[in-house]
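Student: One structure follows; several queries about it will come next.
Every read-out reported here was derived from the displayed coordinates using simple, explicitly stated rules and does not represent laboratory data. None of the values given here were measured: they were computed from a predicted structure. Positions of Cβ are generated from backbone atoms using ideal geometry, with glycine treated the same way; all protein chains shown enter the neighbour counts.
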Amino acid sequence: MLLYQKIKDDILNNRLPVGRPLRQVELSDRYGVSRIPVRDALLQLKAEGWLVPHGKAGHIIPDLNWQEAEDLYLMRADLEPRLFSYAFEHIQADDIGRAKATLALLDNARLTLLEKGELNWAFHKILYFPANRPTLYKTVCSLNQQASRYLGFQYGPMNYKDHSQKEHAVLLELIESGDHSSALSLLKKHIKDAGQLLVSHLKSTN
């Protein structure tokens, strides 16, 4: 696991608490590496929305915010079905096979929260990439990088993984049958339902 992934995993599991400044020296000691890879990891995490600047030389893990979560799922619910629609007729049998293999990996009970989130996004990327719309694809990737901070709730206290997996399987069946309209509707519902549940959960814990 790369250093920035280790830090992500510790954030998701509250081993690095929200609101506490992260200093390069402390992280260097914690992970047993020099300050240079720590600096690079922090810059990448900042670019992905996992950290925000704090003071002159520090970073801090921002609070999970229901408004941010809502904005992210609303943007995803608009852009991802659009990208998927462009991709639909270009999805090949090999893509379906890789998507099914990814779903099988997601059922491994020993996965970390980070691994579950990465596999979930890997599944969706397989279906979006054939669109050959690089600008839209890059934007969707960025939104999912920001949203991945919230996956700990969906795979943890919200216990949403099984429902999500069932919808993933149905989505593949619709693709295989060529039902573009139903697949598009399901994807939009898939994103919106999970997002609305997440926002409700965050509001109830504030």
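Student: With a ≥ b ≥ c the root eigenvalues of the C-alpha gyration tensor of the range 67-199, is it rounded (a/c under 1.5), prolate (a/b larger than b/c) or oblate?
Tutor: Note, shape of the range 67-199 comes out oblate.
Student: Here's another thing I want to ask about it. Long-range amide H contacts for HIS54: which residues qualify at under 5 Å (H placed 1.01 Å from N, peptide plane, sequence gap of 5 or more or a different chain)?
Tutor: HIS59, ILE60
Student: What are the aspartates and glutamates whose alpha-carbon lies under 13 Å from the alpha-carbon of LYS46, with same-chain residues fewer than 8 places away excluded?
Tutor: Cross-link targets: none qualify.
Student: The chain: longest stretch without exposed trypsin sites (Lys or Arg not before Pro) (DSSP loop, at most 11 other Cβ within 10 Å), sites themselves excluded? Before the final figure, lay out each step's value.
Tutor: Working: sites that count: ARG15, LYS56, ARG110.
Of all site-free stretches, the longest is 111-206.
Student: Let me have the relative contact order for the chain, percent, based on Cα pairs under 8 Å that are six or more residues apart.
Tutor: Dividing the mean separation by the residue count of the chain yields 26 percent.
Student: Report Rg (one decimal) and Dmax (nearest whole number) for the range 45-119, counting Cα atoms only, units Å.
Tutor: For the range 45-119, the Cα radius of gyration and maximum Cα-Cα distance read 17.3, 52 Å.
Student: Another one. Just from its helices, what would the mean residue ellipticity at 222 nm be for the chain, if runs of 4 or more DSSP H residues each count -39500 (n - 2.57) and the sum is divided by every residue, rounded to the nearest 500 deg cm²/dmol? The partial results should precede the final answer.
Tutor: Numbers: 10 runs with 145 residues, N = 206.
Helix contribution divided over all residues of the chain: -23000 deg cm²/dmol.
Student: Something else: In which sequence would LEU64, LEU187 go, from the one with the fewest C-beta neighbours within 10 Å to the one with the most?
Tutor: Lowest count first: LEU64, LEU187.
Student: Using 1/(1 + (r/R0)^6) with R0 = 45 angstrom and r between the beta carbons of LYS192 and GLN5, what's the FRET efficiency to the nearest 0.05?
Tutor: E between LYS192 and GLN5, to the nearest 0.05, is 0.95.
Student: Then there is this: State which entries of LYS6/LYS56; LYS100/LYS192; LYS161/LYS192; LYS8/LYS192; LYS161/LYS189 exceed 18 angstrom in Cα-Cα distance in the structure shown.
Tutor: Too far apart for the 18 Å limit: LYS6/LYS56; LYS100/LYS192; LYS8/LYS192.
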